[in-house]
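Heads up, the thing below is written out as structure tokens.
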Amino acid sequence: MTVKTRFAPSPTGMLHIGGARTALYAWLHARHHGGQFVLRIEDTDKERSTDEATQVILDGLKWLGLNWDEAPTFQAERIEKHKQAVQQLINNDLAYRCYCSREELDDMREAQRAAGQKPMYDGRCRHRHDEKTDQPFVIRFRSPTDGETIVDDQVLGAVHFQNKEIDDLILMRSDGSPTYNLAVVVDDADMGISHVIRGSDHLNNTPRQIQLYQALNLTIPTFAHIPLIHGADGAKMSKRHGAVAITDYKKQGYLPDAVVNYLVRLGWSHGDEEIFSRQQLIELFDVAQVGKSASRFDTQKLDWLNAHYLHTSSANALCDVVQEQLDFSTSTGPELTQVIAALQERSKNILDLAAQATMFYQAPASYDAKAVKKNFKEGTTAFVESYIEQAQRLPEWEKEALHQLISTTCEKFEIKMGKLAQPLRILLAGVPVSPPIDLTLSLLGREESLQRLKQGLAQLSNAS
Ligand code: GLU
């Protein structure tokens, strides 16, 4: 069987971490089996669907590298197909008109509650044959009343539902719009979906959908319901727990490989391993191995993975993402890849790296007063001037020689290396933080370094 999975988000809210994990699992399952992964935007709720939310879905999946096959399907464009399916059910006496008003339904439920019963539609229009054309009606599915429907779930195992507990589902609203359960069945069948992978919040819909597949004589796909993600405190994931739009993780300096690696482990494991390349994931992942229990979101682990990917990626691979965070051109300064190589091990995330990279392209606008006070003592100007003096005479402006010169200057003045390196850093960067001073100087180049050192020294001596 050819595996074809889909991700079917409703663009009514932002794609967040839970939705992204569902998409990732569906993508991985398809790629593992050499199948297809497609995207269906479930935009039938026109009032609540927004273009912005659709854009976040597309941007978010692209950012995570979850490429989809075929052009995305927009569910609202398939309404005729949904209507045809409803008509087929009506023709086969498997669906009927229900004229019950909202008040009538409310009274019915109220009476059921009062009698200690579960509130559900009691099927009172099932046997009606009078066609009241002037009154609004919905179309309901004539669902089986006895026996059971079994969801043979790849993650949860066999889940049994008693048919008498399932009431007659509305297939089409009084305005002629199809409902979710009908549309999803028609679309999944038409699109040839072999595996429906989605959050376990949809499990209760699945017996209804299975009954519809049967009534429409369609092949039932394999279902896999993924347990939900909870916040670190065990409560349902909310904004407070970081349930923000997936694209915000990009803005916060996370790398897509880190987010993918993090998401996959929220519910799936392979021994004790934590780090997986995308290729390894494609080789190893199967949705049937997803665990049954809910997982907990853990920002610390995400940060840890992000740092891992930041420290181990090639500087070249990071160039574009760092450049995106910079609001200035790097063409007049050192090669960005060299700056990244100098900084990546020392950075927490891409934002941090970009902030640290700025000093290589912009001279300090001011000097950290506390750091100046701490590091500029009596004699400091003399050490720095001596260093500048010697450095300008170096035949080659390169790391080894610049380092050697720091050592000899420190020996000459009988001072520890920090007594010279920290003031140099402050003059070059405005703050006492930078990669090793010899590397910083060599990256900045002779002209820029000397200019910053001299200007800075003049400015600080004037101020004191
Ligand atoms: N559109 C549904 C949602 O966003 C998902 C439908 C499905 O996966 O079957 O929750």
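The values are calculated or read from the model by the stated rules, or taken from the named source; none is laboratory data. Because the structure is a prediction, the values reported are computed rather than measured. Cβ coordinates were reconstructed from backbone atoms using ideal geometry, including for glycine residues, and neighbour counts include every protein chain displayed.
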Can you work out which of the residues in segment 440-464 that are surrounded by 18 or more Cβ atoms within 10 Å (Cβ to Cβ) and of a type in the set (A, V, I, L, M) is nearest to residue 373 (Cα to Cα)? 460
Segment 23-39, subset surrounded by fewer than 22 Cβ atoms within 10 Å (Cβ to Cβ) and not hydrophobic (A, V, I, L, M, F, W, C), residue farthest from the ligand (Cβ to nearest atom): 34
For segment 75-85, check the following and say yes or no: at least one residue is in contact with a strand residue (DSSP E or B) (Cβ under 6 Å, 6 or more places away or on another chain), over 24 Å from residue 176 (Cβ atoms) and surrounded by 15 or more Cβ atoms within 10 Å (Cβ to Cβ). no
Subset tally (residues that are of a type in the set (Asp, Glu) and at positive phi) for segment 65-104: 2
Which condition breaks for residue 331 when tested against (1) of a type in the set (S, T, N, Q); (2) part of a loop (DSSP other than H, G, I, E, B); (3) in contact (Cβ under 8 Å) with a residue 12 or more places away in the chain? (3)
Which of (1) among the hydrophobic types (A, V, I, L, M, F, W, C); (2) within 21 Å of residue 102 (Cα to Cα); (3) within 12 Å of the ligand (Cβ to nearest atom) does residue 170 not meet, given it meets every other one? (3)
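Report those helices (runs of 4 or more DSSP H) wholly inside segment 174-251 carrying at least 2 residues which are closer than 19 Å to residue 263 by Cβ and either away from the ligand (no atom under 12 Å from the Cβ) or in contact with a strand residue (DSSP E or B) (Cβ under 6 Å, 6 or more places away or on another chain) (or both).
Values: elements: 180-190, 206-215, 246-251.
Qualifying helices (runs of 4 or more DSSP H): 246-251.
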Residues (within 27 Å of residue 269 (Cα to Cα) and touching a His at 6+ places or on another chain (Cβ under 6 Å)) located in segment 156-187: 156
Sole residue being polar (S, T, N, Q), under 43 Å from the mean Cα position of the chain (by Cα) and part of a helix (DSSP H, G or I), chosen from 358, 409: 358
Name the helices (runs of 4 or more DSSP H) wholly within segment 12-131 that hold at least 1 residues that are touching a Phe, Trp or Tyr at 6+ places or on another chain (Cβ under 8 Å), more than 18 Å from residue 184 (Cβ to Cβ) and without any contact (Cβ under 8 Å) to a residue 24 or more places away in the chain? 102-114
Within segment 1-22, restricting attention to residues that are more than 10 Å from the ligand (Cβ to nearest atom) and at pLDDT 95 or above, which residue is nearest to the chain's Cα centre (by Cα)? 20
